[in-house]
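Peer 1: Here it is, the structure, as structure tokens.
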Amino acid sequence: MDWPQSTCYLNGEWLPLAEAKISVLDRGFIFGDGIYEVVPVYYRRPFRLDHHLARFERSTREIGLANPFDRAGWSAMVDGLIDRCGDQNQFIYWQVTRGVAKRDFAFPAGTPPTVFAMSSPFTRPSREQREQGLRAVTRADERWLRCDIKSVSLLGAVLARQFATEHHADEVVQFRDGSLTEGSSSNMWVVRNGTVIAPPRDRLILEGIRYGFVAELCDRTGTPFEVCRLRQEEVKGCDELMLTSATREILPIVTLDGKPVGSGRPGPVYGKLRAAYDAAIEALRD
Ligand code: PDD
């Protein structure tokens, strides 16, 4: 599929992505005043759509935006995108902004939101990424204090990921006041003595849909799971480090700031969780 030709949804219309246009006064463009979701689709079935819809509803409440659709409406939109894209594996992106209005920081009255959604073919993480793992670098978390909202104001994430790129790494591992938070666009998982440890689900991280999923996979595989704050030295000295996101699924991080994490190879806990992850995806096949 040639992506600019793919069909997207904009404010009630289906049209080619290259023809979709919004006003320069859109508050998403002017202020980053909007929220979004990214949903993976396997075998033409959205994975954990209800969880994404619940998180989206929470984001709308947290920023005081009226949700333009109910769950059935979003679900029909997602089905429409899956059919139009046609690929077996896709990822669906949607964003809703506070609409088009005269530039003024306070919310405009009576302005309809801008609703945009598209689907792209999804190439799952490569064999090399799964078997060789990723490189990461540490960085102070310089984002705002409401990282729990899936906001389109992503400058902090953009600068963090660029930092990784400039340091020949795939992701950053961020620390706020010395404690682990998350990656630029992923959640982080530490393994110590066979236990998977995640930072708490507070305002300092986005609760990924894979956060709950990994907790379930730990349960299914008999892997102990704990939530606690981890200091930078503890992360540096851990046995295994992993990240999760809709697009990267679950992947091992094998070097941190150029030094090996544990053995410097994807570890056994990653192996177990990756197998359980793949099995859950395969269960979606007809
Ligand atoms: N990002 N933390 C942040 C800051 C993220 O941006 C993401 C996902 C996650 C993982 O969430 P989930 O498991 O629901 O994908 C955690 C998406 C993929 C993105 O912005 O493209």
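Peer 1: Is one or more of the residues making up region 131-145 in a helix (DSSP H, G or I) and touching a residue at least 24 places away in the same chain (Cβ under 8 Å)?
Peer 2: First, pick out the residues of region 131-145 that are in a helix (DSSP H, G or I): 131-132.
Those left that are additionally touching a residue at least 24 places away in the same chain (Cβ under 8 Å): 131-132.
Looking for residues that are in a helix (DSSP H, G or I) and touching a residue at least 24 places away in the same chain (Cβ under 8 Å), one finds at least one in region 131-145, hence yes.
Peer 1: Another question, if that's okay. Filter region 239-261 for residues that are of a type outside the set (A, V, I, L, M, F, W, C) and either within 12 Å of the ligand (Cβ to nearest atom) or at pLDDT below 95 (or both) and give the result. Before you say what the answer is, go through the steps one by one.
Peer 2: To start, the set of residues in region 239-261 that are of a type outside the set (A, V, I, L, M, F, W, C) comprises 239-240, 244-245, 247-249, 252, 255, 257-260.
The answer is Thr244, Ser245, Thr247, Arg248, Glu249.
Peer 1: Which ones in region 27-59 are within 16 Å of the ligand (Cβ to nearest atom), of a type in the set (Val, Ile, Thr) and either in a helix (DSSP H, G or I) or under 25 Å from Arg203 (Cβ atoms) (or both)? Can you show your working first?
Peer 2: The initial filter retains those residues of region 27-59 that are within 16 Å of the ligand (Cβ to nearest atom), namely 28, 32, 34-42, 46-59.
Adding the requirement that they be of a type in the set (Val, Ile, Thr) leaves 35, 38-39, 41.
Of everything in region 27-59, those that are within 16 Å of the ligand (Cβ to nearest atom), of a type in the set (Val, Ile, Thr) and either in a helix (DSSP H, G or I) or under 25 Å from Arg203 (Cβ atoms) (or both) turn out to be Ile35, Val38, Val39.
Peer 1: Let me ask you something else. Out of Leu180, Leu217, Leu154, Leu206, report the one residue that is open to solvent by less than 40 Å² (accessible area, probe 1.4 Å) and within 10 Å of the ligand (Cβ to nearest atom). So that I can check it myself, show each step before the final result.
Peer 2: On the way: Leu180 fails: within 10 Å of the ligand (Cβ to nearest atom); Leu217 fails: within 10 Å of the ligand (Cβ to nearest atom); Leu154 fails: open to solvent by less than 40 Å² (accessible area, probe 1.4 Å).
Sole residue among the options that is open to solvent by less than 40 Å² (accessible area, probe 1.4 Å) and within 10 Å of the ligand (Cβ to nearest atom): Leu206.
Peer 1: Looking at region 100-115, can you tell me whether even one residue there is closer than 30 Å to Leu25 by Cα, modelled with pLDDT of 95 or more and within 16 Å of the ligand (Cβ to nearest atom)?
Peer 2: No, every residue in region 100-115 fails to be closer than 30 Å to Leu25 by Cα, modelled with pLDDT of 95 or more and within 16 Å of the ligand (Cβ to nearest atom).
Peer 1: Given the conditions (1) touching a Pro at 6+ places or on another chain (Cβ under 8 Å); (2) open to solvent by 10 Å² or more (accessible area, probe 1.4 Å); (3) within 14 Å of the ligand (Cβ to nearest atom), report the number of the one that Arg130 does not fulfil.
Peer 2: Evaluating Arg130 over (1) touching a Pro at 6+ places or on another chain (Cβ under 8 Å); (2) open to solvent by 10 Å² or more (accessible area, probe 1.4 Å); (3) within 14 Å of the ligand (Cβ to nearest atom) leaves (3) as the failure.
Peer 1: Specify the residue that is farthest from Ile250 (Cα to Cα); the eligible residues are those in region 90-130 that are in contact (Cβ under 8 Å) with a residue 24 or more places away in the chain and among the small types (Gly, Ala, Ser).
Peer 2: So the residue we want is Ala101.
Peer 1: Right, here's the next one. If a residue has to be open to solvent by 40 Å² or more (accessible area, probe 1.4 Å), closer than 19 Å to Val38 by Cβ and not hydroxyl-bearing (Ser, Thr, Tyr) to count, how many in region 84-112 make the cut?
Peer 2: 5
The values are calculated or read from the model by the stated rules, or taken from the named source; none is laboratory data. Everything numeric in this text was worked out from a predicted model, so none of it was measured. Cβ coordinates were reconstructed from backbone atoms using ideal geometry, including for glycine residues, and neighbour counts include every protein chain displayed. Accessible surface is based on the protein model in full, side chains and every heavy atom, while ligands, DNA and RNA are left aside. Shrake-Rupley method; radii C 1.70, N 1.55, O 1.52, S 1.80 Å.
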